[in-house]
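Heads up: the structure comes next, in structure tokens.
The values are calculated or read from the model by the stated rules, or taken from the named source; none is laboratory data. Every value quoted in this text rests on a predicted model; they were computed, and no experiment measured them. Note that we place each Cβ from the backbone using ideal geometry, even for glycine, and neighbour counts take in every protein chain shown. Just the protein is used for accessible areas: all its heavy atoms, side chains included, with ligands, DNA and RNA removed. Shrake-Rupley method; radii C 1.70, N 1.55, O 1.52, S 1.80 Å.
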Amino acid sequence: MQAAAEHPGAPASAPVPSRQRYRVAIVGGGPAGCACALALAQHGVHDVLVIEAGDYTPFRIGESIPPEANRLFQALGIAQDFFAEAHAPCHGSCSWWGSDKRGYNDALMHPLGHGWHLERSRFNGFLARQARLRGTEVLLHASLAASAPADGGGFALQLALGSAAQPRQATIHADLVVDASGTRAVFARQRGSRKVETLPLVCMAMRFAVPEGSRSGLTHLEAVEHGWWYGAHLPDATLLLAFYSDAATVRAQRLQHAGRWLAWLAQAPNTAALARGAAPLAGGVQSFPAPSYCLDRLHGDGWLAIGDAASAFDPVTSQGIVKALANGMAAAGAIAGHASLGAVAQTVAHRYAQYLALRQQYYGWEQRWPAAPFWRQLHAGAEEPAV
Ligand SMILES: Cc1cc2nc3c(=O)[nH]c(=O)nc-3n(C[C@H](O)[C@H](O)[C@H](O)COP(=O)(O)OP(=O)(O)OC[C@H]3O[C@@H](n4cnc5c(N)ncnc54)[C@H](O)[C@@H]3O)c2cc1C
């Protein structure tokens, strides 16, 4: 078999795994999977394959990271390279939440500096490139299709390779599998894990081209009767505006239509002000599910789920990426023998419980529309996972 030689972002050339056996297979090359690979390399574990379904070229949502990310980049040994990528600094947030008065959360005095607004696909590709530079094999256009425990231990993984037009298959053996496949949680669900969900949100987003000089270095949040608005200027001179609500509201209000979405934007005066003078990009309104859950079983014999595969947080927290990076590092420590997989799973479950309390607190601060279905549902209690 030949080694996959192309770089993240390059067109597919139907790469195949370079070997048939690996000590560790990581399913998913997002922040969780790449952080795990980077940290494994730091621990001297190089016999690792990252299996990534995509190629880091399409637009990806999820771009705000807090100052804590800087500490994780330092710990992974990629901080200087990350800074050289020149994503947009985020100096804090301003919000209209709980009242129509503007509130600020300033990163000026934060000991770890400012946060960032990422160009997200480029960031994911950067992490994969860094993992490759440290000796990890990263296979793009490769999806985990099926898996089964192997005789003698570990797992047989069946991969679908290349594009739909030129499909190929390969089977590899891994002693240990890390499920970092995001909200698909593909490997964990093949092992029988199920998601214990709290109210999922739907994100309806549009992107705009903005004139130079009119960019804000803050994350903008504005609560409205049926959800909340989010705005951030991205490094590629675009403005991302997103409306978060529940599926029933989005459906009933037909917010997938740009005209309806823009009419709702006009009723959120502070967010609408951000879009003044900005031109909508082609593509219209894009819809993204934003679930909130934890798996009921986060690990088993020879496998562990991390990042969004293990637990997904409401984007209002802006914690998903730092949680994914931290989970990846913790998983690598366990694989290198510094903790058990069970201990990492306990930390994931504990952090999820903290997140549920934080989510409850955030939404509890907004009491202006107690009868509105969106706020009523979010003010109600949340289920905790049984790990
Ligand atoms: C609308 C929205 C907005 C968000 N905004 C923010 C934000 O501002 N800040 C923040 O910190 N977080 C945000 N998040 C959350 C954040 O994006 C996630 O928490 C983060 O991406 C999790 O990283 P991950 O590596 O676990 O999963 P992912 O980033 O989802 O990566 C999983 C990878 O697995 C791959 N994959 C999937 N299935 C397979 C398969 N079968 N075989 C191989 N590969 C597979 C995918 O292609 C993907 O690259 C947002 C989420 C949503 C939905």
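Taking amide hydrogens as modeled 1.01 Å from N in the peptide plane, which residues meet the under 5 Å criterion relative to A268, leaving out close sequence neighbours?
Counting only residues 5 or more places away or on other chains, the set is empty.
Residue by residue, what Karplus-based ³J(HN,Hα) values in Hz, rounded to whole numbers, does region 223-231 have, using 6.51, -1.76 and 1.60 with θ = phi - 60° and x for Gly and Pro?
Computed from phi, the couplings for region 223-231 are 7, 10, 4, 10, x, 8, 9, 10, x Hz.
Give me the accessible area per residue for region 275-331, probe 1.4 Å, as a whole number in Å². Walk me through the numbers before you get to the answer.
On the way: 1850 Å² over 57 residues.
So region 275-331 comes to 32 Å² accessible per residue, rounded to a whole number.
Residue by residue through region 245-261, what is 3J(HN,Hα) from phi via Karplus (6.51 cos²θ - 1.76 cosθ + 1.60, θ = phi - 60°)? Round to whole Hz and write x for glycine and proline.
Going residue by residue, I get 8, 9, 4, 5, 5, 4, 5, 4, 8, 6, 6, 6, 8, 4, x, 5, 4 Hz, with x marking Gly and Pro.
Where only protein heavy atoms count, and the probe is 1.4 Å, what is the accessible area per residue for region 1-153 in Å²? Walk me through the numbers before you get to the answer.
Values: 6600 Å² over 153 residues.
Dividing the accessible area of region 1-153 by its residue count gives 43 Å².
So, in nm, how far is label A156 from label Q360 when the simple model puts each one 7 Å beyond its Cα toward the Cβ?
My value for the distance between the label points is 4.7 nm.
So for region 82-176, what percent of the C-alpha to C-alpha distances run longer than 15 Å? Intermediate results must be reported in sequence, preceding the final value.
Working: 3397 of 4465 pairs.
Tail of the P(r) past 15 Å holds 76 percent of the pairs.
Note down the magnitude of the dipole of the chain about its Cα centre, charges +1 on Lys and Arg C-beta and -1 on Asp and Glu C-beta and zero elsewhere, to the nearest 20 debye.
Values: 30 positive and 28 negative charges, 77 e Å.
Magnitude of the dipole: close to 360 debye.
Using a cut-off of 12 Å between beta-carbons, work out the net charge of the residues near Q253 (Lys and Arg +1, Asp and Glu -1, Q253 not included).
On the way: positive: R251, R254, R260; negative: E225, D246.
For residues surrounding Q253, the net value is +1.
Going by amide H atoms built from the backbone, whose H comes under 5 Å of the H on H43, apart from near neighbours?
none
Just add up the charged neighbours of Y22: K/R +1, D/E -1, any other residue whose Cβ is under 11 Å from the Cβ of Y22. Can you show the working numbers first?
Details: positive: R19, R21, R23; negative: D47, E137, D175.
Within the 11 Å Cβ shell, the charges total 0.
Taking the Cα atoms only, what angle lies between the long axis of helix 320-335 and the longest principal axis of the chain, rounded to 10 degrees?
For helix 320-335, the angle is close to 20 degrees.
Kirkwood Rh over Cα pairs of the chain into Stokes-Einstein at 25 °C, 0.890 mPa s: D in µm²/s? Write down the numbers at each step before the final one.
On the way: Rh = 21.6 Å.
The Stokes-Einstein estimate is 113 µm²/s.
Spelling out what I want: for every residue of region 42-58, take phi, set θ = phi - 60°, compute 6.51 cos²θ - 1.76 cosθ + 1.60 (Karplus), and round to whole Hz; glycine and proline get x.
4, 7, x, 9, 10, 7, 10, 10, 9, 9, 10, 5, x, 9, 6, 9, x
Rounded to a whole number of µm²/s, how large is the Stokes-Einstein D of region 191-270 at 37 °C and 0.692 mPa s, given Rh as the Kirkwood radius over C-alpha pairs?
After rounding, the answer is 232 µm²/s.
Around P280, with a cut-off of 14 angstrom between Cβ atoms, what is the net charge of the other residues, counting Lys and Arg +1 and Asp and Glu -1? Please list the in-between numbers first.
On the way: positive: R207, R260, R276; negative: none.
Computed value for this residue: +3.
FRET efficiency for A339 and R21, Cβ-Cβ distance as r, R0 = 41 Å, nearest 0.05? Don't skip to the end; give the middle numbers.
Details: r = 25 Å, r/R0 = 0.60.
After rounding, the FRET efficiency stands at 0.95.
In nm², what is the average projected area of the convex hull enclosing the Cα atoms of region 228-387? Can you show the working numbers first?
Working: hull surface 46.5 nm².
Approximately 11.6 nm², given one-decimal rounding.
In deg cm²/dmol and to the nearest 500, what is the mean residue ellipticity at 222 nm of the chain if only DSSP H runs of at least 4 residues count, each as -39500 (n - 2.57), divided by the residue total? Mind showing how you got there, number by number?
Values: 12 runs with 118 residues, N = 387.
After summing the helix terms and dividing by residue count, I get -9000 deg cm²/dmol.
For region 211-262, with every protein chain kept in place, what is the accessible area per residue (1.4 Å probe, Å²)?
On the way: 1960 Å² over 52 residues.
Accessible area per residue, region 211-262: 38 Å².
Which residues' amide hydrogens lie under 5 Å from the amide hydrogen of L118, considering only partners 5 or more residues apart or on another chain, with H built in the peptide plane?
Amide H to amide H, under 5 Å and 5 or more residues apart or across chains, L118 pairs with S64, I65.
So for the chain: antiparallel DSSP bridges make up what percent, rounded to the nearest 5? Display every interim value, and only then the final one.
Numbers: 57 of 77 bridges.
Percentage antiparallel, nearest 5: 75.
Once the Cα gyration tensor of region 12-85 is found, what semi-axes does its equivalent ellipsoid get, as square roots of 5 times the eigenvalues, in whole Å, sorted largest first? All intermediate terms of the calculation are to be shown ahead of the outcome.
On the way: eigenvalues 115, 66, 20 Å².
Equivalent ellipsoid semi-axes, largest first: 24, 18, 10 Å.
Where does region 220-318 land on Rg(C-alpha)/(2.2 N^0.38 Å)?
Numbers: Rg = 16.7 Å, N = 99, 2.2 N^0.38 = 12.6 Å.
Cα-based Rg divided by the globular estimate yields 1.32.
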